[in-house]
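Comments concern the structure below.
Rule-based calculations on the coordinates, nothing more; no lab input. The shown structure was predicted, so the numbers you read here are calculated from the model rather than taken from an experiment. Positions of Cβ are generated from backbone atoms using ideal geometry, with glycine treated the same way; all protein chains shown enter the neighbour counts.
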Amino acid sequence: MKSSRRGSKIAETNSSHRPKYGKMSQQQQSDPNDPADESFRFSNADTSPPNTSPPNPTSWDESSPLSKSPWSSHAAEIDDTYSYTGLMGSLVREEGHIYSLATSGDLLYTGSDSKNIRVWKNQKEFSGFKSNSGLVKAIVIANEIIFTGHQDGKIRLWKVSAKNPTIHKRIGTLPTLKAYIKSSINPSNYVEVRRNRNAVWIKHFDAISCLSLSEDKSLLYSASWDKTMKVWRVSNSKCLESIHVHDDAVNAVVAGFDGLVFTGSADGSVKIWRREMQGKGTKHFFSQILLKQDCAVTALAVNRLVEMLYCGSSDGVVYFWEREQLGSHGCVLRGHKLAVLCLAATGNLVFSGSADTKICVWRREASAEGVGEHVCLSVLTGHTGPVKCLAVEEDREAKGGDDAWIVYSGSLDKSVKIWRVSSQMNAIAMVQSPTTPRSLATAAGLGPFS
């Protein structure tokens, strides 16, 4: 393990050759089965871990979304004085790579390329439902409505049945059929999406990559490989805006603080958009380019409590900015060998999942200079494929005043792993934030951002 004032890298064994990340073709739609897909898709070769609790082939129907998945427990009994950090258990099911996760109360929702959305409660399958088409790339939940973003460019809406909580009914699609037909009648509603091809502006014509809700959960933001961000009103499913935000596939969107929205793209940039109220409506305006680099931006996350933005990159670096730093260079965290594919931030912790199969746990420390220093608390290992998605919730059963979190990680090894992380554990590495933007730019090899 090497450490310096400007950064540190956690040494791991069996370093593999880093794949080259280029820009996504602007002329060809992404193929979900293409291992060379430039929006950080990986080989679909089976890299799943051995199934320690194989299901009885006669006891379940593989085609049913309600088929039981085996649960393997890995954690010892936790007493009042032991701040355990590590793997609690795994959910392994040979039905597809895990692309999305979301938590709501005591429920965990998981989405995969099998088109199934499974619902888990207390590490047991509670219910499940299946979409008609398109692998499930994103899940967010607002006001008892589950929004799922899919490879086919559609956003589907689901709601739990009032009579039976195990039944989820599809209540709509974005855009709605009525809105799509109405828009398609008017020629002025068509925009050029490719050479010699036009499409209605309210519909994504390529894969949904990310979904995010505004702070008040009144707006839904959808990002797509079609280079656009669309803004939807949650209350009536109306598409309010479609904005061409980048020159390549949009990999991430996150609604932040103070009405700001952040987008990240395969074109290597992070952009800031400002939400403004106009009469009874709302409109978003371009504010600034926060980051511009050669490597693709692959993930974004915000911690609204402390007003911080985190950005994952295809070169394995995590950038971060505090609210007051958004006009200058960010700071860097170095802990991965391959692309950072997902981020989650809560409390004073941030989690980064990577194509190197590992999850780094970082803790934000108080700093006299006002810029939060970060230490690496742990590197969680156990997945055998790229870690594609993360979800975090507070450990409601923490004992002895332990400040702990439950972390869910979904991987292209077809498993979901559940971890317990205590924020009180000792750090294994320090990443010092530079005292000036210029020193950071030198350390990260970056020039001024436009």
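For this structure, a couple of remarks:
- Within region 173-188, the set of residues being of a type outside the set (D, E, K, R) and surrounded by fewer than 16 Cβ atoms within 10 Å (Cβ to Cβ) comprises LEU177, ILE181, SER184, ILE185, ASN186, PRO187, SER188.
- THR176 out of contact with any strand residue (DSSP E or B) (no Cβ under 7 Å at 6 or more places or on another chain) and of a type in the set (Val, Ile, Thr): yes
- Residues satisfying the stated conditions in region 96-110, i.e. in contact with a Lys or Arg (Cβ under 7 Å, 6 or more places away or on another chain) and surrounded by 20 or more Cβ atoms within 10 Å (Cβ to Cβ): HIS97, ILE98, TYR99, SER100, THR110
- Flag for SER133 being among the hydroxyl-bearing types (Ser, Thr, Tyr) and within 21 Å of LYS414 (Cβ to Cβ): yes
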